[in-house]
Number of protein chains: 2
Amino acid sequence: MAEKVRVVIVGGGFAGLAAAKGLRKASDVSITLIDRRNHHLFQPLLYQVAMAGLSPAEIAAPIRGILSRQKNVRVLQGEVTSVDLAENAVQADFGAVGFDYLILACGANHSYFGKPDWEEYAPGLKTLEQATEIRRRVLTAFERAERETDPVKQKQLLTFVVVGGGPTGVELAGAIGEMSRYTLAKDFRSIDASLARVILIEAGSRILPMFAAELASKATRDLEQLGVQVWTSSMVTNIGSNSISVGTETIQAATVLWAAGVEASPLGRTLKLPTDRVGRVIVEPDLSVPGHPNIFVAGDQAHFDQSEKPLPGIAPVAMQQGRFLAANILRELHGKPREQFQYFDKGQMATIGRSRAITEVGRWKFSGFFAWVVWLVVHIYYLTGFRNRLFVVMSWAWSYLSYRRGARLIVEKEWRSRPQDEKPPAS
Amino acid sequence: MAEKVRVVIVGGGFAGLAAAKGLRKASDVSITLIDRRNHHLFQPLLYQVAMAGLSPAEIAAPIRGILSRQKNVRVLQGEVTSVDLAENAVQADFGAVGFDYLILACGANHSYFGKPDWEEYAPGLKTLEQATEIRRRVLTAFERAERETDPVKQKQLLTFVVVGGGPTGVELAGAIGEMSRYTLAKDFRSIDASLARVILIEAGSRILPMFAAELASKATRDLEQLGVQVWTSSMVTNIGSNSISVGTETIQAATVLWAAGVEASPLGRTLKLPTDRVGRVIVEPDLSVPGHPNIFVAGDQAHFDQSEKPLPGIAPVAMQQGRFLAANILRELHGKPREQFQYFDKGQMATIGRSRAITEVGRWKFSGFFAWVVWLVVHIYYLTGFRNRLFVVMSWAWSYLSYRRGARLIVEKEWRSRPQDEKPPAS
């Protein structure tokens, strides 16, 4: 039996998983998929976990379980810290793994534009842990406002600021507006939750720059109907523990969320190959890195120019790149020449609270209820796993009919009943 | 309008919630329910969250949401630190709240028999945070075993010890056995998950002492069929980071779980009234505390003797006590004499993995599939909220048919993308 071709995939996101699945029939290939997490995360719905609409398990599935029947894959949970380009091996926290082909698909983190200390006061939304933290902060702000007697502090607690007018920022701001107006309005006695102030801050001249101006304008009106103030051309100058400064103005806000900038996984820079200013590795037309035709970068970690601008960091790009890489590797193994990657743009969409969305497919643009239904169908279709689909559909149906949210839990970080530094209650 | 009678309830568990609901028609009463958490937790199913079968939100519901329509209740999230018996006020972290009647129903924590440092190595199971921590530890042990090359360490990672042979310990041990044999068996490549060693340790002469001996014996055989070794008359002498000592023998085990002892909430001891050795307040026949007829203690925090032994810390006792207190307060407000509490024992049950349970109702004892169906029905019936019931039924149906577990997530405690003390990956 011939030695198997070793394919190592780093990252079990959309790109990595699509690449692994694309090689499912390749019996002469041995795949190792390495991820820091044990789960694949459906990031497009992550804001719903942050906003207490869905549970973490409803949008995540164990990578091992997804690939359980694909016998040519082994899944290892661990962190890859560097790539040895000369030796064709990746170094992980559990040891080195050699490869014949390497696919790096480690995704992106948030970027605070050189102000890493802002993260403490303004969490971003890339992981389940961050989603749970945001949920904790938003729900806790309402709880604290309810028992606060000082009206100035109460107002500060009921002010929510979202930084960044892209799809995530719009979805977060819309969801806070909707939650305070519908779900929480009747649950409090001292405060009127529906008077919560939600401000969406965008540095550019308008929100949703990747959409047509008319759709962005529709989204702005939808947000305003949910009580969200949209501040465009507004630059954040400082973020503190209970305030945020925009230009020279300071807003007293207990909760600030960050949806402004992304930065590719730091692993890309360790390759010492050309990267763009956000750390994405600049790849060749076949997604390989310069000088190393057996090493590929895909998804949010890759900078791939098409029509003279880089492809955006969205799930469809990652999925198409993952599938493309699997196909190209198979082609090469069968002695055929490689092809070049070409992104097929199926359109884009964003949702703004209950029953509202915007969708753009080529020249078609639509908004409102129909766009929202399309949004629902597309997201359910792409969600991984029958169970997750079923549960998300049910959660949505229940929330839609009841105006409630099924995952309104404040979960603390500390699990010990009495941490070392905590004293027993005073007697 | 007459001044309203102020009832303060501390704790939104089974007892506190039942008391609040029991007073729903009392328009002359103003209730304040204070809880550290924003959610009521259905503790009897908590072990299923720990074992990745259910999501936290499926067995928890926001207290505020449960009582949303009951206009005579306000809910405050906060921690009560002491009770001022002379002034009839509770002191919480957000300020003081005065009362005419006080119901303390703060529940219990784990007790490590004077060895609090064991908690770090052997988490107990009382909160959602602890359940998530146990889930993380158990799933991580399998992940680490998969990438471990040293067979001794691999064996250590695949050894799970549960301390305590009560219902929680039996349910945890059974679930680990079941999960490794069915759910995980096909998902790993290097290890055989079904060879995981699970040991249940009990200091007494048999497990499940509150059940009839024949049922405990049936449960032992069921556990053994799931690969669980049951060690009775075994005293834990030490617990370290990767080992546990039983008598003079030391077991190398990466995962130890604690289901052995409980201790009532420390708030009880601050009253300076008689408590039993686990900190439960010894209450009068009407659940009031000696010398303070307007202060009651209920649920796991109370020591109430019936038939010359204290009632167990289980949900039915807490619910009946909560309802009883509401009824007694109403009686007194209408000028009628108080009644004395009497627990009506409807029986008890425990489950041992898939399709197996034991149930004891008075003199009736049954086990196996029928007992398991009864267990399912009873737990669904008592679960709070339509949504939770529906989702739990669906989760169980899915798990039963697919042999999978829907919440197999390892969630980390750290939400920041790069904590202060972590360095970027080496280049």
Exercise. Most fluctuating residue of B:16, B:177, B:335 in a GNM of chain B with Cα springs under 10 Å: which is it?
Worked result: B:335
Seminar exercise, completed: Expressed as a percent, the portion of alpha-carbon pairs in the range B:70-191 spaced more than 22 Å apart is 57
Problem set entry | Shortest-first nm distances, residue A:277 label point to equivalent points in other copies (7 Å, Cα→Cβ) | 7.1
Problem set entry | Cross-link pairs B:155/B:186; B:115/B:272; A:4/A:336; A:413/B:272 - those with Cα-Cα distance over 22 Å | B:115/B:272; A:413/B:272
Seminar exercise, completed: Charge dipole of the range B:275-427 built from unit charges on the beta carbon (Lys, Arg +1; Asp, Glu -1), centred at mean Cα; most positive-end Cα among B:289, B:398, B:330 is B:398
Exercise. Going by how many other beta carbons lie within 10 Å of each one, how would you line up A:343, A:400, fewest first?
Worked result: A:400, A:343
For this session: Could you list B:365, A:336 in order of exposure, starting from the residue whose Cβ has the fewest other Cβ atoms within 10 Å?
Result: A:336, B:365
Seminar exercise, completed: Any residue on another chain or 5+ positions along whose placed amide H is under 5 Å from the amide H of residue B:206 is listed here as B:233
Exercise. Roughly speaking, what is the centre-to-centre gap between the range A:210-238 and the range B:120-185 when only Cα atoms are used, to the nearest Å?
Worked result: 48
Exercise. Got a sec to turn the phi values of the range B:20-34 into Karplus ³J(HN,Hα) couplings, 6.51 cos²θ - 1.76 cosθ + 1.60 with θ = phi - 60°, whole Hz, x for Gly and Pro?
Worked result: 4, 5, x, 9, 5, 8, 7, 6, 8, 10, 10, 9, 10, 9, 10
Exercise. When the Cα centres of the range B:36-85 and the range A:60-78 are compared, how far apart do they sit, in Å?
Worked result: 35
Problem set entry | Teacher prompt: residue A:221 distances to equivalent labels in other copies, 7 Å Cα→Cβ, nm | 7.3
Seminar exercise, completed: Summed over the other residues with a beta carbon less than 15 angstrom from that of residue A:208, with K and R at +1 and D and E at -1, the charge totals -1
Exercise. Where does chain A land on Rg(C-alpha)/(2.2 N^0.38 Å)?
Worked result: 1.03
Exercise. Between the helical axis of B:167-178 and the dominant principal axis of chain B, each derived from Cα atoms, what acute angle in degrees is found, rounded to the nearest 10?
Worked result: 30
For this session: Work out, step by step, the length gained on full extension between residue A:229 and residue A:339: first 0.36 nm times the residue separation, then minus their alpha carbon distance; give nm to one decimal.
Result: 34.9 nm
For this session: Pop out the ³J(HN,Hα) list for the range B:242-258 in order, Karplus 6.51 cos²θ - 1.76 cosθ + 1.60 with θ = phi - 60°, rounded to Hz; leave Gly and Pro as x.
Result: 9, 7, 9, 9, 10, x, 9, 8, 10, 9, 7, 9, 6, 10, 10, 10, 10
Exercise. Amide H neighbours of residue B:40 under 5 Å, counting only residues 5+ apart in sequence or on other chains, H built in-plane at 1.01 Å?
Worked result: B:61, B:63
Seminar exercise, completed: So, relative contact order of chain B in percent, Cα under 8 Å, 6 or more apart, is 20
For this session: Sort A:410, B:201 so the one with the fewest other Cβ atoms within 10 Å of its own Cβ comes first.
Result: A:410, B:201
Exercise. Over the protein assembly as shown, what is the percentage of antiparallel beta bridges among all DSSP beta bridges, to the nearest 5?
Worked result: 50
For this session: Compute the length gained on full extension between residue B:307 and residue B:189: take 0.36 nm times their separation in residues and subtract their Cα-Cα distance, giving the result in nm to one decimal.
Result: 36.9 nm
For this session: Compute the distance in nm between two label points, each set 7 Å from the Cα along the Cα-to-Cβ direction, one at residue A:332 and one at residue B:6.
Result: 7.5
Exercise. What fraction of the Cα pairs in the range A:111-260, stated in percent, has a spacing above 19 angstrom?
Worked result: 50
Problem set entry | Rg/Rh (Cα only; Kirkwood hydrodynamic radius) as it applies to the protein assembly as shown | 0.98
Exercise. Hey, what did the range A:111-260 get for relative contact order, percent, Cα under 8 Å, at least 6 apart?
Worked result: 32
Problem set entry | Label point 7 Å beyond Cα along the C-beta direction, distances from residue B:377 to other copies (nm, shortest first) | 4.2
Exercise. How many percent of DSSP beta bridges within the range B:111-261 run antiparallel, rounded to 5?
Worked result: 40
Problem set entry | Shielding of B:301-314 by partner chains, average beta-carbon count, 10 Å | 0
Seminar exercise, completed: Here the percent of antiparallel bridges among DSSP beta bridges lying wholly in chain A, to the nearest 5, is 50
Problem set entry | Axis-nearest residue in chain A [Cβ, rotation onto B], distance in whole Å | A:55, 2
Seminar exercise, completed: If every Lys and Arg gets +1 and every Asp and Glu gets -1 at its Cβ, then about the Cα centre the range B:50-94 yields a dipole, in debye to the nearest 20, of 380
Exercise. Considering every residue in A:401-411, what mean count of other chain Cβ atoms within 10 Å of its Cβ is obtained?
Worked result: 6
Seminar exercise, completed: Asserting the computed 222 nm helical MRE of chain A (DSSP H runs at least 4 long, -39500 (n - 2.57) per run, divided by residue count, to nearest 500) equals -8500 deg cm²/dmol
Exercise. Over the range B:138-177, how many percent of alpha carbon pairs lie in each 10 Å bin up to the one with the longest distance?
Worked result: 30, 41, 25, 4
Exercise. What is the calculated FRET efficiency for residue A:393 to residue B:248, with r their C-beta to C-beta distance and R₀ = 60 Å, to the nearest 0.05?
Worked result: 0.60
Exercise. Of the residues A:331, A:197, A:416, which exhibits the maximal mean-square fluctuation in a Gaussian network model of chain A defined by a 10 Å Cα contact cut-off?
Worked result: A:416
Problem set entry | Nearest 10 degrees, 0 to 90: helix B:386-402 Cα axis against chain B principal axis | 20
Problem set entry | Nearest 10 degrees, 0 to 90: helix A:213-225 Cα axis against chain A principal axis | 40
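The numbers here are math on the coordinates, done by the rules we state, and not lab data. No experiment lies behind these values; they were computed from the predicted model shown. Please note: Cβ atoms are built from the backbone with ideal geometry, for glycine as well, and neighbour counts cover all protein chains shown.
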